[in-house]
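Reading through the structure tokens given below for one structure.
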Amino acid sequence: MQDLEQAIRERAYHLWIAAEPEGNAHVYWLNAQREILATSLESIETAAGPTMHVSAAKPIKKPRTARTAKSKSHAAA
């Protein structure tokens, strides 16, 4: 995680230098963060292969359990 923050810090600095701004460092930090995280996500998706998509993951459902005769009678009452 420290490498990720360092990469964002360096990218934010380069964006800031290129724009020669007065203030607004947080804007450059957020832009750098978005770029670095998007690149990291693309790397993860590429490593996972073409069949697995991180965004396409579905939640796991609990299996249904059969109701007993006792629970059926309480439900009807």
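One table, with the values for the structure above:
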{"read-out": "Rounded FRET efficiency, nearest 0.05, which uses the C-beta distance separating Tyr13 from Glu42 and R0 of 22 Å", "value": "0.50"}
{"read-out": "Burial order of peptide ranges 40-48, 11-19 (average beta-carbon count within 10 Å, highest first)", "value": "11-19, 40-48"}
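Where a number appears in this text, it was derived from the coordinates with a stated rule and is not lab data. Here the structure is a predicted model, which is why all the values come from computation and not from measurement. With ideal geometry, Cβ positions are generated from the backbone for all residues, glycine too; neighbour counts draw on all protein chains shown.
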